[in-house]
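Take a look at the structure set out below.
The values are calculated or read from the model by the stated rules, or taken from the named source; none is laboratory data. Please read all numbers here as calculations on a predicted model, not as lab measurements. FYI the Cβ positions are ideal-geometry reconstructions off the backbone, even for glycines, and counts take in every protein chain you see.
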Amino acid sequence: MLEIRIHGRGGQGNVVAAYLLAAAAVDAGLYGQAFPAFGAERRGAPVAAFVRVARDTVKRRCQIERPDIVVVQDPTLLKAPATLTGLREDGCVLVNSARLETLPAPAGFDGRWVSLPATRIAEETIGRPMPNSALLGALLALTGLCPLAALEQALTDRFPPETAARNRRAVEAAAARVTADAWRRVVDARGL
């Protein structure tokens, strides 16, 4: 089983990202589970969403405490200890940041830390500062967990045609900016 924790702020589409990723996994023939955890339910409050992907039925129903991958939609959340708490020793981190040079990988991450200007990509392709689709496109390209077409289908199923089309452009633009299959070993190690 692969466990992914998504950290962001209310209004950034964290929960939608989790549901889209789980739907893409299901479309690709895997089992997927997604659910959120809210603190204060207001725009701008920290939000975490959880995704599990497996070859068999996912029976675990608790929050993810030992993620394989952490996606950070708001880089200011890196200052909160809970954001990277429990990350597995071989775990990977994908961070939304336009300031790539100011968010270098911490010591010991050796290719397991990727910064991507997802908000900028979203503004250019979607017309709104919603980084979630771009981050999912990058995540799928990095991991090879499932084809981008599965995520694009999940977008088509969830959104009106024009919104889905803009989000698909964000997915493709972000996927093109990262090294394909750079994190494939994490997916393979989890039997996917």
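Starting from residues that are acidic (Asp, Glu) and touching a residue at least 12 places away in the same chain (Cβ under 8 Å), keep the ones in the range 132-178 and report whichever is surrounded by the most Cβ atoms within 10 Å (Cβ to Cβ).
GLU152
Take the residues in the range 147-192 that are touching a Leu at 6+ places or on another chain (Cβ under 7 Å) and among the small types (Gly, Ala, Ser), then tell me which one is farthest from ALA18 (Cα to Cα).
ALA182
Within the range 36-79, how many residues turn out to be within 15 Å of ASN132 (Cβ to Cβ) and aromatic (Phe, Trp, Tyr)?
Residues flagged as within 15 Å of ASN132 (Cβ to Cβ) and aromatic (Phe, Trp, Tyr) within the range 36-79 amount to 1.
Only one of GLU172, GLU162 is over 22 Å from VAL26 (Cβ atoms) and in a helix (DSSP H, G or I); which?
Just one listed residue meets the conditions, GLU162.
All but one of (1) among the hydrophobic types (A, V, I, L, M, F, W, C); (2) within 25 Å of ALA24 (Cα to Cα); (3) in contact with a helix residue (DSSP H, G or I) (Cβ under 6 Å, 6 or more places away or on another chain) hold for LEU77; which doesn't?
(2)
Quickly run through the range 9-55 and pick out the residues that are touching an Asp or Glu at 6+ places or on another chain (Cβ under 8 Å), within 22 Å of LYS79 (Cβ to Cβ) and modelled with pLDDT of 95 or more.
PHE50
Being surrounded by 24 or more Cβ atoms within 10 Å (Cβ to Cβ) and not in a loop (DSSP other than H, G, I, E, B) narrows it down to one of ALA49, ALA34, so name that one.
Testing whether each residue is surrounded by 24 or more Cβ atoms within 10 Å (Cβ to Cβ) and not in a loop (DSSP other than H, G, I, E, B) leaves just ALA49.
Taking GLY137 and the conditions (1) modelled with pLDDT of 95 or more; (2) part of a loop (DSSP other than H, G, I, E, B); (3) not polar (S, T, N, Q), which numbered condition does it fall short on, given that it satisfies the others?
Of the numbered conditions (1) modelled with pLDDT of 95 or more; (2) part of a loop (DSSP other than H, G, I, E, B); (3) not polar (S, T, N, Q), the odd one out for GLY137 is (2).
Give just the number: which of (1) aliphatic (A, V, I, L, M); (2) closer than 27 Å to ALA105 by Cα; (3) without any contact (Cβ under 8 Å) to a residue 12 or more places away in the chain does LEU87 not satisfy?
(3)
On the basis of being part of a helix (DSSP H, G or I) and hydrophobic (A, V, I, L, M, F, W, C), does ALA82 make the cut?
Considered against the rule, which asks whether it is part of a helix (DSSP H, G or I) and hydrophobic (A, V, I, L, M, F, W, C), ALA82 comes out as yes.
Restricting the first residue to the range 6-30 and requiring it to be without any contact (Cβ under 8 Å) to a residue 60 or more places away in the chain, which pairs with a second residue that is surrounded by fewer than 21 Cβ atoms within 10 Å (Cβ to Cβ) and of a type in the set (A, V, I, L, M) meet a Cβ separation below 7 Å and a spacing of at least six or different chains?
GLY10/ALA45
List the number of the failed condition for PRO104; all other conditions in (1) of a type outside the set (Gly, Ala, Ser); (2) at pLDDT below 95; (3) under 22 Å from ALA37 (Cα atoms) hold.
The one condition PRO104 does not meet is (3).
Any residue at all in the range 34-57 that is under 21 Å from GLY144 (Cβ atoms), touching a residue at least 12 places away in the same chain (Cβ under 8 Å) and over 17 Å from the mean Cα position of the chain (by Cα)?
Checked the range 34-57: at least one residue is under 21 Å from GLY144 (Cβ atoms), touching a residue at least 12 places away in the same chain (Cβ under 8 Å) and over 17 Å from the mean Cα position of the chain (by Cα).
Return the residue satisfying two criteria in turn: it lies in the range 107-131 and is touching a helix residue (DSSP H, G or I) at 6+ places or on another chain (Cβ under 6 Å) and assigned to a helix (DSSP H, G or I), and of such residues it is surrounded by the most Cβ atoms within 10 Å (Cβ to Cβ).
Among those that are touching a helix residue (DSSP H, G or I) at 6+ places or on another chain (Cβ under 6 Å) and assigned to a helix (DSSP H, G or I), it is ALA118.
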